[in-house]
């Protein structure tokens with residue numbers, strides 16, 4: 001799937017991301033992003049196995065946590081780095097909208113993946129994405145992304161079963177142009 005940049009996505013939880021542009025660089029394309037998060041909003045614990053994520057606070061305070069470590073806060077002008085393969089989460093730790101800029105490198109399938117996750121959240125109207133779409137995304141792209149708050153047996157057993165049932169019932173026609181997963 002090709003996306004015209006800039007491309008903006010928004011979910012019902014008060015998160016908005018604009019994928020600004022791709023910069024061709026050695027080691028993979030760098031995807032420049034801008035995000036806005038309402039107070040207390042933000043993604044749950046997750047891992048990008050193949051990408052580094054860097055966010056600089058433009059306005060507000062970002063709370064963040066690396067799995068197994070204490071939560072921390074970064075304020076306006078400070079930068080937070082989430083290395084590839086490290087489980088992390090972040091949230092708006094203030095009372096006003098959080099605004100960050102940053103990048104993900106290499107871009108790989110991130111625009112498609114997050115656009116699809118936000119689309120599935122919009123379908124369900126909540127933080128939890130629609131079940132069949134979630135199963136498709138988390139099974140097909142398991143070599144790239146992991147939602148760490150979902151118990152391992154659910155990720156490794158239940159999600160693939162739901163994915164298989166979804167395939168049997170033709171639930172994934174809207175993913176016909178989905179990019180192939182990146183294999184490490």
Can you confirm whether segment 59-75 contains a residue that is under 30 Å from residue 173 (Cα atoms) and either surrounded by 20 or more Cβ atoms within 10 Å (Cβ to Cβ) or in contact with a strand residue (DSSP E or B) (Cβ under 8 Å, 6 or more places away or on another chain) (or both)? no
The residue from 20, 98, 31 that alone is at pLDDT 95 or above and surrounded by fewer than 19 Cβ atoms within 10 Å (Cβ to Cβ) is 20
For residue 63, indicate whether it is out of contact with any helix residue (DSSP H, G or I) (no Cβ under 8 Å at 6 or more places or on another chain) and either in a loop (DSSP other than H, G, I, E, B) or modelled with pLDDT under 95 (or both). no
Across (1) farther than 19 Å from residue 37 by Cβ; (2) surrounded by 18 or more Cβ atoms within 10 Å (Cβ to Cβ); (3) in contact with a helix residue (DSSP H, G or I) (Cβ under 7 Å, 6 or more places away or on another chain), residue 175 clears everything bar (2)
Looking at 26, 44, 39, 12, can you tell me which residue is surrounded by fewer than 17 Cβ atoms within 10 Å (Cβ to Cβ), under 21 Å from residue 142 (Cα atoms) and outside the structural domain of residue 141 (by TED's automatic domain parsing)? 44
So for segment 147-154 (the condition being touching a strand residue (DSSP E or B) at 6+ places or on another chain (Cβ under 7 Å), outside the structural domain of residue 29 (by TED's automatic domain parsing) and within 30 Å of residue 67 (Cα to Cα)), does at least one residue qualify? yes
Could you list, in sequence order, all residues of segment 15-31 that are touching a residue at least 40 places away in the same chain (Cβ under 8 Å) and either out of contact with any strand residue (DSSP E or B) (no Cβ under 7 Å at 6 or more places or on another chain) or part of a loop (DSSP other than H, G, I, E, B) (or both)? 25, 27, 28, 29
Is it true that some residue in segment 103-115 is outside the structural domain of residue 16 (by TED's automatic domain parsing), closer than 14 Å to residue 42 by Cα, within 15 Å of the chain's Cα centre (by Cα) and surrounded by fewer than 20 Cβ atoms within 10 Å (Cβ to Cβ)? no
Does segment 32-41 contain any residue that is in contact (Cβ under 8 Å) with a residue 60 or more places away in the chain and over 23 Å from residue 63 (Cα atoms)? no
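The values are calculated or read from the model by the stated rules, or taken from the named source; none is laboratory data. Quantities reported herein were computed from a predicted structural model and do not represent experimental measurements. No Cβ is skipped: glycine too gets one built from the backbone with ideal geometry, and neighbour counts run over all protein chains shown.
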